[in-house]
Amino acid sequence: MTTAASTARTADRTAVSRGVRSTFAIATGIATLFVFVQFFTSSEFIRVKGDGAETWQEVHGFTAYGVLVPALVAAIVALVRLRSAAPVLTWISVAFFVAAVGQWGSGHLISTLGMDGWTAFHIFFSSVVLALAVWASVRSAILRRG
């Protein structure tokens, strides 16, 4: 059954060019991939002892930028080009970027300043980032196919 609201949403989605939808989907996908890389690297530096743990911590810190940069690109694309066509997805992508910044910042408090009390906050933010990454990826796939 087609309603006026679903017809309007379809018209809004098709008003957004395929290139914009693809750019958003690619940026979101890359950021989501790096979220999973972050989970893997964190488990490795917790599991490994000695010098190997330090190496995994460095890799973990470096791969955080693989989340931040594409999440920022996705948020900008969403704010500039998708806001009217996909308002919920726009806010999801902005929240994803903000949560990723929170996770990155808390990670630096732990690793650079030795403030281990931020670990629980960092782990909480990783769960939020993962949830928002998956949500944004699924919604961007729906938008891209729309």
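The values are calculated or read from the model by the stated rules, or taken from the named source; none is laboratory data. None of these values were measured; they are calculated from a predicted model. All Cβ positions, even for glycine, are placed from backbone atoms using ideal geometry, and neighbour counts span all protein chains on display.
Looking only at the range 93-146, count how many residues are among the polar types (S, T, N, Q), over 14 Å from residue 78 (Cα atoms) and buried (at least 18 other Cβ atoms within 10 Å of the Cβ).
Going through the range 93-146, the residues among the polar types (S, T, N, Q) turn out to be 93, 103, 106, 111-112, 119, 126-127, 137, 140.
Subsequent filtering for residues that are over 14 Å from residue 78 (Cα atoms) retains 103, 106, 111-112, 119, 126-127.
Still in the list and also buried (at least 18 other Cβ atoms within 10 Å of the Cβ): 103, 106, 126.
Total meeting the criteria: 3.
From the residues in the range 27-68 that are under 18 Å from residue 140 (Cα atoms) and of a type in the set (S, T, N, Q), which one is surrounded by the fewest Cβ atoms within 10 Å (Cβ to Cβ)?
32
Being polar (S, T, N, Q) and more than 21 Å from residue 109 (Cα to Cα) is the filter here; which residues of the range 57-99 pass it?
First, pick out the residues of the range 57-99 that are polar (S, T, N, Q): 57, 63, 84, 90, 93.
84, 90, 93 - these are the residues of the range 57-99 that are polar (S, T, N, Q) and more than 21 Å from residue 109 (Cα to Cα).
Give the residues of the range 8-54 that are at pLDDT 90 or above and either in contact with an Asp or Glu (Cβ under 7 Å, 6 or more places away or on another chain) or of a type in the set (Val, Ile, Thr) (or both), sorted by residue number.
Within the range 8-54, 20, 23, 26, 28, 30, 32, 35, 37 meet the criteria.
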